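Asker: Can you keep this structure in mind? I'll have questions shortly.
What follows is calculated from the coordinates using simple rules that are stated; it is not laboratory data. Please read all numbers here as calculations on a predicted model, not as lab measurements. Neighbour counts are summed over all protein chains in view; Cβ atoms, including those assigned to glycine, are modelled from backbone coordinates with ideal geometry.
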Amino acid sequence: MDLFSSIDTEPARQRMDELCKELDRLNYEYYMNDRSLVSDEEFDGMMRELQELERQYPELANPLSPTKRVGGEVNKSFRQVEHRFPMLSLGNTYSIEEIEEFEARTRKLLDGVPFSYTCELKYDGVAIGLTYRHGRLVQAVTRGNGRVGDDITTNAKTIPTIPLQLRGEYPDDFEARGEVVYPFESFKTMNAQREAEGDEPFANPRNAASGSLKLQDSAECAKRKLLFCMYFMMAPDGVPLPDTHFGRLDYARQMGFKVQPYIQECKDIDEIKEFIDTWDQGRWELPFGIDGIVIKVNQTALWDRLGLTAKSPRWAIAYKFKAERVSTPLESISYQVGRTGVITPVANLQPVWLGGTTVRRATLVNADFIEKMGICKGDHLLIEKGGEIIPKVVGVDMDKRQAGAMPVQYITRCPECGAALVREEGEAGHYCPNSDGCHPQIIGRLEHFVSRKAMGIDTLGPERLELLYSAGLVRNVADLYDLKREQLIGLGSDATIQDKGADNLLAAIEASKEVPFERVLFALGIRYVGEVGAKKLARYFGNMDALMAATEEELAGVEDVGEVTAKAVCQWFADAEHRTVVERLRTAGLKMSGEWKMESQKLAGMTLVVSGTFEHFSREEIKADIENHGGKVSGSISGKTTYLVAGEKMGPEKQKKAEKLGVKIITEAEYMDMTR
Ligand code: IVH
């Protein structure tokens, strides 16, 4: 029988091997040499065939199969691992004089020995180290604090420019280091998509790269189109490597790493300065972000001789580009009204070229910001763009200030509805209190209500909402549930909504009645109650009535809900019109209480506070675990707290307070006993 089964699987094994090799080769040509050797369909076909075979014969699957590139494995939590070689950082400077000093000092220390420098790009991303044994990728770890980092191997495998199996010759055991960057084009596309789906966009490609490496779902990471730029190689004693940095990068390229070609050997300070200049000008032509230039002594035998300072090597230095800054006239200020009535002033600028794009507008944040910056009419503003994609106003160009310039007069009335603006004690900005009569607030609330993360009525875009509003059919969110088919048909300037459109719309509205309570709560658009806050509140109180009856104090005790939010929630429910809307939504059949599938009810009726770090859980995990056993999690200890679960390094404040209030402190082991 055994004999037969091994004979049976042989053709499959051969085919899998063949597919792995071919897909690896095609990937390599595509990502390293920009060459497509087959059509997308053909490639996908082979990938699917391999996936299917791996599903049928999991015991034959190669752990480094190209199917790993597609992701699919889920990262539970990212294990912390110690770096075999600490990940040092470099001394860095914004000043050319300090680069001159570095060069002179190095030359002096090397005392006549012939040597050269390499200049290369300083990639603006996330540093990671990749361990290879016998040519195979075995581990990928983020820099972390330089000594320990997070194991992100599963996600790293999805990055096409990280070789899983090396080619040609390679050292048996070594670590490749480099930076994971998010190329501008894919960053833009991804952020646009996030915004369309109601997710917070990333501030810059670096944050996006870092967030992507920490994604739980590696299939999601695979979609992110990250790029790995290799810049360093190290091996344990006794494993030979080429004796120049330049040679090592060349060697790495032959093994299959993507090493950017923008590296140059320089013999003196003039050549170094020229390289810096070239890239300071040319950096925005690159498809990814760089924030400076790294200069290294090329001859690796000299590295030991130069040694290390407390935290960085003496044989290298980073020159950082200054954030690009321009001065441009402020033409006017527009005031935008958000769905909660918050006013955001926006500077309309004379268009100016900055960091690869034309800047026309920049936020002025709020009245406080304008006052602090002392912005006057007719001023020229200083605009900066560092690693950020979004330009920032960093000051007033005082050289261009005109004599007798008058400070900007902030508006006192809403630009949309004319209501007198309100600025509450201690608040940095103004808001329009006319929430029921101010057009952008009404439409904004409706837009928020139907958005994907709220009620998910995605057939209702902004134009449709406008249409329903101007036809007098929808004034508030509850009106959506009273819409009738005959009211909808024929709506629009050229009767855009017809039978099918009306049916789809009503079906989507009907389907939204299945949306869970926590999302209904988020959809209401209460100020400061975001997705996470809504979830916490929903789980804590369980239903709308309990939430509506809660006091400010009780609300503020809920994990992740602060005093400001608590106050906003109370105020919102204190408004009779809001309560009417909630009642109408209830009558329409929306979910007003949660049903959570729980592991047990062992902690029912108890409120737990957690503190410190745990062996079996991350902090988020233990909180979820408590809720899964029917308990409530609170952020602060009070008379209502049942237990304080103490982990390692518990805060002394929490301990004191628990002791004072007589709250029982239990260990992680005791918690496990109680729940398992
Ligand atoms: S060399 C021991 N080269 O910049 C020297 N670093 O403080 C190891 N970086 O966190 C670093 N581009 O992640 C080197 N071409 C490059 C680099 C680079 C970016 C990052 C690196 C490190 C920081 C330097």
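Asker: Place the peptides 396-404, 350-358 in order of packing, highest mean first, counting for every residue the other Cβ atoms within 10 Å and averaging per peptide. Provide the component values of the computation, followed by the final result.
Answerer: Numbers: 396-404: 11.6, 350-358: 14.1.
Put in order of decreasing packing, that is 350-358, 396-404.
Asker: Provide SER116, SER451, SER36 in ascending order of the number of other Cβ atoms located within 10 Å of each residue's Cβ, fewest first. Let's see the in-between values first.
Answerer: On the way: SER116 15, SER451 19, SER36 11.
Neighbour counts put them in this order, fewest first: SER36, SER116, SER451.
Asker: Starting with the highest mean, order 284-290, 126-132, 531-537 by the number of other Cβ atoms within 10 Å, averaged over the residues of each peptide.
Answerer: Values: 284-290: 17.4, 126-132: 22.0, 531-537: 20.4.
In decreasing order of mean packing, 284-290, 126-132, 531-537 become 126-132, 531-537, 284-290.
Asker: Which FRET efficiency value, to the nearest 0.05, do you get for ARG194 and ASP111 by plugging their Cβ-Cβ distance into 1/(1 + (r/R0)^6) with R0 = 60 Å?
Answerer: 0.60
Asker: Given 0.36 nm per residue, what is the gain on full extension from GLU59 to ALA405 after removing their alpha carbon distance, in nm? Write down the numbers at each step before the final one.
Answerer: Details: separation 346, 0.36 × 346 = 124.56 nm, distance 7.72 nm.
So the chain would gain 116.8 nm between GLU59 and ALA405.
Asker: Quick one: Cα centre-to-centre distance for the stretch 202-253 and the stretch 656-676, in angstrom?
Answerer: Centre-to-centre distance over Cα atoms comes out at 44 Å.
Asker: In the chain, which cysteines lack any other cysteine Cβ under 4.7 Å from their own?
Answerer: So far as the 4.7 Å Cβ criterion goes, CYS20, CYS119, CYS221, CYS229, CYS266, CYS376, CYS570 stand without a partner in the chain.
Asker: Just the number: Rg to Rh for the stretch 304-373, Cα atoms, Kirkwood Rh, two decimals.
Answerer: Rg/Rh: 1.31.
Asker: With a point put 7 Å past each Cα toward its Cβ, work out how far GLU22 is from GLU553 in nm, to one decimal.
Answerer: That separation, rounded to one decimal, is 7.3 nm.
Asker: Moving to a separate point now. Over the alpha carbons of the stretch 233-375, what is the largest minus smallest coordinate on each principal axis, giving the biggest first in Å?
Answerer: On the principal axes, the stretch 233-375 reaches 67, 31, 29 Å in Cα extent.
Asker: Peptides 201-212, 103-114: what's the order by average Cβ count within 10 Å, highest mean first? Display every interim value, and only then the final one.
Answerer: On the way: 201-212: 19.5, 103-114: 12.3.
Highest-to-lowest ranking by the protection proxy: 201-212, 103-114.
Asker: Say R0 is 41 Å: what FRET efficiency, to the nearest 0.05, do LYS214 and ASP499 get from their beta-carbon distance?
Answerer: Details: r = 47 Å, r/R0 = 1.15.
The calculated FRET efficiency here is 0.30.
Asker: Quick one: angle between helix 531-541 and the longest Cα principal axis of the chain, in degrees between 0 and 90, rounded to 10, please.
Answerer: Taking the Cα atoms of the chain, the angle to 531-541 is about 60 degrees.
Asker: Find the relative contact order for the chain and round it to a whole percent, using C-alpha pairs within less than 8 Å whose residues are 6+ positions apart. Walk me through the intermediate numbers first.
Answerer: Working: 1139 pairs, mean separation 59.3, N = 676.
Rounded, it is 9 percent for the chain.
Asker: Now a separate question. Looking only at the chain, where both bridge partners belong to it, what percent of the DSSP beta bridges are antiparallel (to the nearest 5)? Before the final figure, lay out the partial values.
Answerer: On the way: 75 of 87 bridges.
Of the beta bridges lying entirely in the chain, close to 85 percent run antiparallel.
Asker: Angle between the Cα long axis of helix 184-196 and the longest principal axis of the chain, 0 to 90 degrees, nearest 10?
Answerer: Helix 184-196 sits roughly 20 degrees off the main axis of the chain.
Asker: Using alpha carbons only, how many degrees (0 to 90, rounded to 10) separate the axis of helix 245-255 from the longest principal axis of the chain?
Answerer: Compared with the principal axis, the helix lies near 70 degrees.
Asker: Follow-up. Please give the FRET efficiency for LYS649 paired with THR675, using the beta carbon to beta carbon distance and R0 = 22 Å, rounded to the nearest 0.05. Write out the running numbers ahead of the final one.
Answerer: Values: r = 22 Å, r/R0 = 1.01.
Step by step, r from the Cβ atoms, then E = 0.50.
Asker: No solvent, one uniform scatterer per C-alpha: report log10 I(q)/I(0) for the chain via the Debye equation at q = 0.05, 0.10, 0.11, 0.12 1/Å, two decimals.
Answerer: Evaluating at q = 0.05, 0.10, 0.11, 0.12 Å⁻¹ gives log10 I(q)/I(0) of -0.34, -1.28, -1.39, -1.42.
Asker: Between VAL38 and HIS134, what length comes free when the chain is fully extended (0.36 nm per residue of separation minus the Cα-Cα distance, one decimal in nm)? The partial results should precede the final answer.
Answerer: Details: separation 96, 0.36 × 96 = 34.56 nm, distance 2.99 nm.
Computed gain between VAL38 and HIS134 is 31.6 nm.
Asker: Related question: How about the stretch 157-255: which GluC sites (Glu not before Pro) there are in a DSSP loop, with at most 10 other Cβ atoms within 10 Å of their Cβ? Can you show the working numbers first?
Answerer: Details: sites: GLU169, GLU175, GLU179, GLU185, GLU195, GLU197, GLU220; in loops: GLU169, GLU197.
Here the sparse-neighbourhood loop sites are GLU169.
Asker: I've got another one for you. Note down the nm distance, to one decimal, between modelled labels 7 Å out along Cα→Cβ at THR613 and at ASP304.
Answerer: Distance between the two pseudo-spin positions: 3.5 nm.
Asker: With a point put 7 Å past each Cα toward its Cβ, work out how far THR580 is from ASP268 in nm, to one decimal.
Answerer: Label-label distance for THR580 and ASP268, simple model: 8.4 nm.
Asker: Something else now. Going through the cross-link list LYS632/LYS654; LYS108/LYS385; LYS322/LYS372; LYS122/LYS311, which pairs have a Cα-Cα distance over 26 Å in this structure? Please list the in-between numbers first.
Answerer: Working: LYS632/LYS654 17 Å; LYS108/LYS385 38 Å; LYS322/LYS372 24 Å; LYS122/LYS311 18 Å.
Where the Cα-Cα span goes over 26 Å, the pairs concerned are LYS108/LYS385.
Asker: Over the stretch 459-561, what is the relative contact order in whole percent, taking alpha-carbon pairs under 8 Å and six or more residues apart? Before the final figure, lay out each step's value.
Answerer: Details: 63 pairs, mean separation 16.8, N = 103.
Value for the stretch 459-561: 16 percent.
Asker: If contacts are Cα pairs under 8 angstrom and at least 6 residues apart, what is the relative contact order of the stretch 395-535 in percent? Provide the component values of the computation, followed by the final result.
Answerer: Numbers: 126 pairs, mean separation 24.8, N = 141.
About 18 percent, as a whole number.
Asker: Based only on the alpha carbon positions, what is the Kirkwood hydrodynamic radius of the stretch 579-676, in angstrom?
Answerer: Numbers: mean 1/r = 0.0675 Å⁻¹.
Its Kirkwood hydrodynamic radius stands at 14.8 Å.
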